[in-house]
1. How well do other chains shield peptide A:112-118, expressed as the mean number of their Cβ atoms within 10 Å of each residue Cβ?
2. Taking every residue in B:337-348, how many Cβ atoms of other protein chains lie within 10 Å of its Cβ, on average?
3. Alpha carbon centre of the stretch B:31-60 versus the stretch B:384-431: separation in Å?
4. Excluding residue B:134 itself, calculate the net charge of residues whose Cβ lies under 10 Å from the Cβ of residue B:134, where each Lys or Arg counts +1 and each Asp or Glu counts -1.
5. Alpha carbon centre of the stretch B:83-97 versus the stretch A:362-441: separation in Å?
6. If you roll a 1.4 Å probe over the heavy atoms of the protein chains, what accessible area per residue do you get for chain B, in Å²?
7. Inside 10 Å of the C-beta atoms of A:306-316, what's the mean count of C-beta atoms belonging to other chains?
8. Would you list which lysines come within 18 Å of residue B:30, measuring only between C-alpha atoms, while excluding same-chain residues fewer than 8 positions from it?
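The values are calculated or read from the model by the stated rules, or taken from the named source; none is laboratory data. Bear in mind that the values here come from a model prediction, so they are computed numbers and not experimental data. Reconstructed Cβ throughout: ideal geometry from the backbone, glycine too, with neighbour counts over all protein chains shown. Just the protein is used for accessible areas: all its heavy atoms, side chains included, with ligands, DNA and RNA removed. Shrake-Rupley method; radii C 1.70, N 1.55, O 1.52, S 1.80 Å.
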Amino acid sequence: MKKIFQAFLISLLPMSWSVAQTPTGSVLIKNAHVLTVTQGDLENTDVLVENGVIKKIGKNLSATNIEVIDASGLYLMPGIIDAHSHVALDAVNEATAPITSEVKMADVVNPYDIGLYRALAGGVTISHAMHGSANAIGGQNITLKHRYGSGNPEDLFMKEAPRTIKFALGENPTRVHGRGNGIQPRTRMGVDAVIRNGFNEAIQYKKSWEDYNKALKVKGASPVPPKYNERLQTLADILDGDIIIHCHSYRADEIYALINTCREFGVTNIVFSHVNEGFKVAPELAAYTMGASVFADWWAYKFEVYYSTAYNAAILTRNNVITSINSDSGELIRHLYHEAGKAQRYGELTDEETLALITINPAKQLGIADKVGSIEEGKQADLVLFNEHPLSVYAIPQMTFVDGVKYFDIKADDNDMRLRVSASEIVEPIFLKEHDHRCMHGVDFFFTNFGRNLFNHSH
Amino acid sequence: MKKLLYIALSLVLLPFMGFAQFDGEFVKPKNGRFLLQNATIITVTNGTIQNGSVLLADGKIQAIGQQVNPGDAEVIDCTGLFIYPGLIDGGSRLGLVEVGSLAETQDYAEIGSVTPNMEALVAVNPNSVAIPVTRVSGVTTTLTMPSGGLFPGTAALINLNGYTPDQMFAGFKGVVMNFPSSARRSTWDRRSDDDIKKEFDKAQETLNEIWEKATTYHRLKTAGATLEYYPEMEQLSKVVAGELPLLVEVNAAADILKAIDWITSKEVKAILTGVAEGWRVADKIAAAKLPVVTGPMLSIPTRQSDRYDAAYTNPGKMAKAGVKVAIRANDAENTRNLPFNAGFAAAYGMGKEEALKAVTIYPAEIFGVADRLGSLEVGKDATLLVATGDPFETRTQIRHVFIDGYRVPMSNRHIKLYQEFLERSPGLEKN
């Protein structure tokens with residue numbers, strides 16, 4: 001019996017190894033027009049990738065025993081990064097309380113989501129899988145590398161990425177709680193109060209642990225430990241600067257209010273997401289935050305985005321706000337290079353400024369800019385090859401690499417790229433559209449008649 | 001005492017006297033005679049003219065060519081610029097909704113499933129903030145459509161300039177029909193396969209009953225019978241008579257085939273709209289000689305197993321099979337993205353020339369207004385755009401837009417906000 005058990009244990013070992021190591025690749029890309037984003041454009045240049053890392057950028061590079069790709073006439077840019085997405089998530093909202101910071105999106109990642117492959121086909125190598133916008137303080141997000149092909153969710157996690165959490169202001173949390181459920185917050189005052197209350201409770205909680213740890217050091221003392229509370233511990237981690245806040249927001253007043261609250265509590269790691277009226281408080285965003293992640297041109301789908309402008313990204317960029325373009329959509333994520341292109345039209349940004357919106361800038365906002373987001377020696381080899389300049393509407397991604405491994409090749413793109421096919425579904429379902437407004441996914445049970453129509457558009 | 005009162009009153013009123021004067025200047029759409037000089041003119045129907053000029057007067061294109069006498073026209077130098085016909089969007093909700101989530105501002109879906117007599121044109125708000133936002137991208141004309149139900153209403157082609165719906169009306173109407181659908185509305189649609197089938201069969205049955213009624217109504221009417229007031233059937237009888245075409249919204253491949261059968265057997269003048277899975281049955285659509293308005297291009301494939309670019313390649317595949325394809329953005333506030341939809345269609349197999357036709361001359365032909373819109377030809381409406389390059393490219397800036405002879409201001413709320421907030425003052429410091 002014992003022997004069988006041992007054999008069983010040994011059989012588990014390879015699994016644990018595969019968990020520990022995600023695949024990396026080596027490749028030499030020759031003669032590409034390299035858009036480094038941080039170090040200018042390099043024509044007819046080679047990029048050598050070894051074991052998932054960019055080893056060398058230069059001319060006439062050679063290597064043995066690895067794949068060589070002739071990229072003459074093609075454009076190579078860093079893998080595109082989406083700072084706000086819900087791709088590959090089986091659940092998006094835990095809408096049952098105004099603060100649910102104990103919830104983790106890492107627990108609901110579905111590696112089989114075809115959306116991952118479609119994002120790769122659009123040149124996107126990293127997405128920030130976020131909790132929804134139902135709560136003032138929502139769950140903890142997870143930064144994903146699109147290593148499509150594994151059945152293990154953990155293979156998708158970018159383990160080096162810092163922790164992040166979702167906050168939300170304005171109509172969504174007030175609708176779900178104040179109006180849908182009769183509890184605070186119902187107004188923007190209430191949202192601010194919920195966040196303040198949370199931070200203050202966390203300070204007390206932190207202090208109770210500090211007191212306990214201090215008391216432990218007293219000889220002969222046997223203090224009673226405080227009750228562990230994951231929700232408050234997470235808020236305490238925010239106050240300690242260990243977690244970056246990514247806050248769903250639209251109106252300038254609510255953005256300004258949260259900036260003030262964060263400053264009061266000494267929190268500086270904050271990125272505002274969607275942030276349609278960010279342009280109205282651009283100097284404040286530049287001075288006190290890690291930036292703004294905006295839609296290129298979405299507006300008017302609800303009242304709090306009625307007074308927005310497609311020039312948002314340009315105004316923010318010109319005011320030195322770190323700015324990115326996010327998708328929040330399984331459809332939009334497939335052409336973020338085009339979304340960035342639209343931002344370029346409105347305000348005539350340079351090519352480099354525009355490409356930064358979907359590469360190095362979102363990397364900065366996710367705290368991973370030292371590893372990805374530009375083509376530099378020593379960085380992780382997340383790369384995408386285009387047949388034309390990626391800011392042309394006629395550009396088509398040709399190959400996408402994550403850690404030097406090719407996950408998309410337009411020439412190898414088959415009729416069916418699903419990893420898992422359902423045996424129970426005889427007739428394959430036909431979807432007329434991706435429900436591209438996932439931010440409020442899973443909160444419909446709060447509503448009967450009132451407010452239901454809001455689910456047509458609920459970012 | 002009276003004098004004191006006057007003084008007091010005038011003191012109170014003093015701050016309001018400033019109201020008589022305003023800063024800035026509002027630029028109105030301007031009608032007149034214009035000569036657009038030295039441009040590259042993409043006529044769409046008659047090739048490209050280098051260093052050419054276009055003379056606009058009385059709302060029409062008076063002359064096009066390399067030698068055009070300006071007369072007393074206002075000359076606009078277009079050196080280095082490109083002139084295209086105004087872009088026509090084949091389907092939107094523009095003007096029928098102001099804020100997507102606010103029921104008070106939604107005027108595209110009336111109560112009831114059979115309301116073909118609901119006229120979109122009645123509900124078009126000429127002052128919608130989205131209209132100036134749209135037209136500065138070169139989209140000058142759109143088919144604005146009611147939605148929801150089986151026969152939600154009558155769509156109208158509108159130009160994006162004017163102060164009344166009648167001034168905006170561009171000469172085409174069609175009755176919208178949502179053909180019974182076996183597809184899921186979105187990835188959120190949790191109905192079982194059985195429920196979907198039941199709903200489909202029921203809708204098919206209802207459709208046939210209503211059509212039977214409409215043909216009977218029409219037969220009786222043409223026979224001179226006195227009929228009770230029945231506005232729904234009155235409108236549908238115009239479709240039966242061929243006075244109004246039917247805009248048949250249909251997307252799943254199997255539904256498209258059923259719709260083709262239905263249209264053929266009823267001998268209805270029809271235009272297919274949506275047609276997301278058109279590529280699967282493109283030859284059948286071509287054989288039926290039905291025109292198509294498809295879009296948006298920027299949408300997910302209809303099936304998980306489809307190639308990632310199924311939606312992008314759809315119009316190109318239909319066009320290659322011989323279908324006349326027009327493109328729509330199928331949006332409201334972002335109808336301005338029509339040129340980019342065309343750009344994607346072009347890149348993914350349709351080609352630039354065919355894609356340009358899909359947003360100019362083809363929709364004009366499909367909607368029966370090609371004598372007025374869709375290309376740059378003498379005698380057609382003065383509806384065009386002037387751009388720094390290819391209008392499908394995001395990098396391109398649109399410099400001038402003319403609609404029905406009016407030079408429209410290149411301004412809107414988005415631009416005004418840009419101008420105010422680009423360099424905000426005060427900046428960070430307190431006032």
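1. Working: counts 1, 1, 7, 4, 0, 2, 7.
Whole-number average of other-chain Cβ neighbours for A:112-118 is 3.
2. That works out to 3 on average.
3. About 23 Å separates the Cα centre of the stretch B:31-60 from the one of the stretch B:384-431.
4. -1
5. Using only Cα atoms, the two centres lie 31 Å from each other.
6. Values: 18820 Å² over 431 residues.
Solvent-accessible surface per residue comes out at 44 Å².
7. 5
8. B:60
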